[in-house]
């Protein structure tokens, strides 16, 4: 989701990122061959991962470190249990790197914040579901574009070390890089992969792209991401897609009933032609008939192309959303009450 003026009931949050351009880098992108993925084009099936985002720990980005329960919060495990009981098996847990590592990317982790995240991670995975650990930072740290790839790698080595024994944990490299040098985004993603593998972790990794990792613009913006390498070949390319006029996820109005399919078709062919697999890490539509038809078409299409699309997580559950149009928090969320019966059919 691009910056939004929609506030959660109990906290002011904007998924905003600093939009100043990144310093250019003269280094060229890696030309290493991409790892191949066995695929059967056109195979129709179910998702490997399907569920929701869990928002709250990334709230209050303008108030650091902030106060738990006031500026930010952790998932309500009883609500997570409700979703798990209905068949959802994957939860993208959003957090802030600045709260986790307040002294810098290579610094030690804050014990209290880590404990809150760990409680949620343990709860979700003990129930048999997967959790995607999402540094919700837009490629920034303290509002500055991250350019130190070595420090970024160290952060991920330290982070992955904590959870490498839990095969239900998935590592996300960073939420919605944007307005950055394209080669830098490639290098940050590769540094994250290298850092995770340096810890000995064999977990899956979800990598994101520039320009808010939009599926609609993936081919024109993020083609160089095919150069990413992982010795274990356990990368999924995470894209986001909203259905409003500018794909920002800031309006409850969807362009048309077919816009979802239209916006992911090119990315689908990119995944297949490059031997990659993808996940839709964020998607949502307003609570209305046109959006519902568009979401249905989108998810139908992804499952019809399940050789390359292996998961999706809707935006977003979380205790502090209040009346937010995309809230998927049981049992009060606007989107939960409108979309749950539909989404359950895609498990």
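Please state which one of 74, 109 is within 18 Å of the chain's Cα centre (by Cα), part of a loop (DSSP other than H, G, I, E, B) and over 22 Å from residue 344 (Cβ atoms).
That would be 74, the only listed residue that is within 18 Å of the chain's Cα centre (by Cα), part of a loop (DSSP other than H, G, I, E, B) and over 22 Å from residue 344 (Cβ atoms).
Do the conditions hold for residue 166, that is, is it surrounded by fewer than 19 Cβ atoms within 10 Å (Cβ to Cβ), touching a helix residue (DSSP H, G or I) at 6+ places or on another chain (Cβ under 6 Å) and modelled with pLDDT of 95 or more?
yes
Show the residue pairs meeting these rules: Cβ distance below 8 Å; 6+ apart or different chains; first residue within segment 249-262 and in contact (Cβ under 8 Å) with a residue 24 or more places away in the chain and on the phi > 0 side of the Ramachandran plot; second residue in a loop (DSSP other than H, G, I, E, B) and buried (at least 18 other Cβ atoms within 10 Å of the Cβ).
249/1; 249/2; 249/326
Of the residues 206, 212, 218, 159, only one is within 19 Å of the chain's Cα centre (by Cα), more than 30 Å from residue 244 (Cα to Cα) and at pLDDT 95 or above; which?
On inspection, the qualifying residue turns out to be 159.
Report the residue count in segment 215-244 for those that are in a loop (DSSP other than H, G, I, E, B), within 19 Å of residue 311 (Cα to Cα) and in contact (Cβ under 8 Å) with a residue 40 or more places away in the chain.
4
So, in segment 45-60, how many residues would count as being part of a loop (DSSP other than H, G, I, E, B) and at pLDDT 95 or above?
The qualifying residues number 8.
Residue under question is residue 232, and the condition is that it be buried (at least 19 other Cβ atoms within 10 Å of the Cβ), over 20 Å from residue 135 (Cβ atoms) and modelled with pLDDT of 95 or more; does it hold?
Against the criterion (buried (at least 19 other Cβ atoms within 10 Å of the Cβ), over 20 Å from residue 135 (Cβ atoms) and modelled with pLDDT of 95 or more), residue 232 does not qualify.
Applying the selection to segment 246-264, what residues are more than 15 Å from residue 212 (Cα to Cα) and either part of a loop (DSSP other than H, G, I, E, B) or touching a helix residue (DSSP H, G or I) at 6+ places or on another chain (Cβ under 8 Å) (or both)?
251, 252, 253, 254, 255, 256, 257, 258, 259, 260, 261
Touching a strand residue (DSSP E or B) at 6+ places or on another chain (Cβ under 7 Å) and assigned to a helix (DSSP H, G or I): which single residue out of 302, 280 fits that description?
It is 302.
Of the numbered conditions (1) in contact (Cβ under 8 Å) with a residue 24 or more places away in the chain; (2) in a helix (DSSP H, G or I); (3) over 14 Å from the mean Cα position of the chain (by Cα), residue 115 satisfies every one except a single condition; which is it?
Failed condition: (1).
Sort out which residues of segment 305-345 are touching a strand residue (DSSP E or B) at 6+ places or on another chain (Cβ under 6 Å) and part of a helix (DSSP H, G or I), and write them in order of number.
none
Say whether the condition of being within 25 Å of residue 280 (Cα to Cα), surrounded by 16 or more Cβ atoms within 10 Å (Cβ to Cβ), touching a helix residue (DSSP H, G or I) at 6+ places or on another chain (Cβ under 8 Å) and at pLDDT 95 or above is met by at least one residue in segment 29-44.
No, that holds for no residue.
Going by what's in this entry, would residue 303 be described as at pLDDT below 95 and either out of contact with any helix residue (DSSP H, G or I) (no Cβ under 8 Å at 6 or more places or on another chain) or over 13 Å from residue 243 (Cα atoms) (or both)?
no
At pLDDT below 95, surrounded by fewer than 18 Cβ atoms within 10 Å (Cβ to Cβ) and in a loop (DSSP other than H, G, I, E, B): does that describe residue 63?
no
Within segment 187-214, how many residues are surrounded by 24 or more Cβ atoms within 10 Å (Cβ to Cβ), in a helix (DSSP H, G or I) and in contact (Cβ under 8 Å) with a residue 60 or more places away in the chain?
Count: 2.
Identify the single condition in (1) farther than 22 Å from residue 171 by Cα; (2) within 19 Å of the chain's Cα centre (by Cα) that residue 318 does not satisfy, given that it satisfies every other one.
Single failed check for residue 318: (1).
Of everything in segment 98-135, what is out of contact with any helix residue (DSSP H, G or I) (no Cβ under 8 Å at 6 or more places or on another chain), crowded, with 19+ Cβ neighbours inside 10 Å and over 14 Å from residue 166 (Cβ atoms)? Give them in sequence order.
98, 116, 134
Would you mind stating whether residue 282 is touching a helix residue (DSSP H, G or I) at 6+ places or on another chain (Cβ under 9 Å), crowded, with 17+ Cβ neighbours inside 10 Å and closer than 30 Å to residue 71 by Cβ?
Yes; evaluated as a whole, the condition is true for this residue.
Looking at segment 118-156, which of its residues are touching a strand residue (DSSP E or B) at 6+ places or on another chain (Cβ under 7 Å) and either assigned to a strand (DSSP E or B) or modelled with pLDDT under 95 (or both)?
130, 131, 132, 133, 134, 135
The values are calculated or read from the model by the stated rules, or taken from the named source; none is laboratory data. None of these values were measured; they are calculated from a predicted model. Note that we place each Cβ from the backbone using ideal geometry, even for glycine, and neighbour counts take in every protein chain shown.
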